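Following: one structure in structure tokens, then a few remarks.
The values are calculated or read from the model by the stated rules, or taken from the named source; none is laboratory data. Bear in mind that the values here come from a model prediction, so they are computed numbers and not experimental data. In this analysis, Cβ positions are derived from the backbone assuming ideal geometry, glycine residues included, and neighbour counts consider all displayed protein chains.
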């Protein structure tokens, strides 16, 4: 009889108002977790998971920033590959935050940049490329999470195209920053055409490679890692 009664109460708890039934079950010595406590625990686990993922991609960005693969006409740095992966696997806010932490670490003097760090790094001509990283990660994340309107086979093309477009925007922003510092702060005779050639055109092949790699890794790992 006790088992049948408990079973009936459990069915009522699932199908109707859970509060009175849960209270009765507790009075009879049956452990029933409070819904608000379960939600709090779930929220705490989610926050801990988000913090861990942000820290993970900060570490990946630091490590990848020091890796360069010899290529022609220029070596391929894996820094923006890490940024693109952060955009693929994290929400827009968390992706941007992970890259902002990386840039902030360098500006406060932690040697995470390839040529050191510190507040004076903003006067390095290459700092413009770093400054755009949070926007790059957020943009890729938004694109990845808003492709449901496309057929499954077209999503890879969409993700690759948007990732490549945002990579080009990062190169253009960095090129313009590079040009302004060299031309007006360092008082050189660098032309805009020369800056575009050396900072944008030469890096187009590596930008394409990193765009394809980031999207391919995302499609391969997203279901296994259950991050999206």
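Determine which single condition residue 187 fails, assuming it passes every other condition in (1) on the phi < 0 side of the Ramachandran plot; (2) exposed (fewer than 15 other Cβ atoms within 10 Å of the Cβ); (3) without any contact (Cβ under 8 Å) to a residue 40 or more places away in the chain.
Unmet condition: (1).
Which numbered condition trips up residue 130, out of (1) within 19 Å of residue 84 (Cα to Cα); (2) crowded, with 19+ Cβ neighbours inside 10 Å; (3) out of contact with any strand residue (DSSP E or B) (no Cβ under 8 Å at 6 or more places or on another chain); (4) modelled with pLDDT of 95 or more?
(3)
Looking at 138, 195, 120, 154, which is the one that is closer than 24 Å to residue 62 by Cα and free of Cβ contacts under 8 Å to residues at least 40 places away in the same chain?
Only one candidate qualifies: 120.
Looking only at the range 174-184, count how many residues are within 20 Å of residue 79 (Cβ to Cβ) and surrounded by fewer than 17 Cβ atoms within 10 Å (Cβ to Cβ).
1
Scan the range 88-105 and tell me whether some residue there is within 21 Å of residue 203 (Cβ to Cβ), in contact with a helix residue (DSSP H, G or I) (Cβ under 6 Å, 6 or more places away or on another chain) and without any contact (Cβ under 8 Å) to a residue 24 or more places away in the chain. Before you say what the answer is, go through the steps one by one.
As a first pass, look at the range 88-105 and keep what is within 21 Å of residue 203 (Cβ to Cβ): 88, 99, 102-103.
Now drop any that are not in contact with a helix residue (DSSP H, G or I) (Cβ under 6 Å, 6 or more places away or on another chain), which leaves 88, 99, 102-103.
Going one step further and asking which of them are without any contact (Cβ under 8 Å) to a residue 24 or more places away in the chain, we end up with none.
There is no residue in the range 88-105 that is within 21 Å of residue 203 (Cβ to Cβ), in contact with a helix residue (DSSP H, G or I) (Cβ under 6 Å, 6 or more places away or on another chain) and without any contact (Cβ under 8 Å) to a residue 24 or more places away in the chain.
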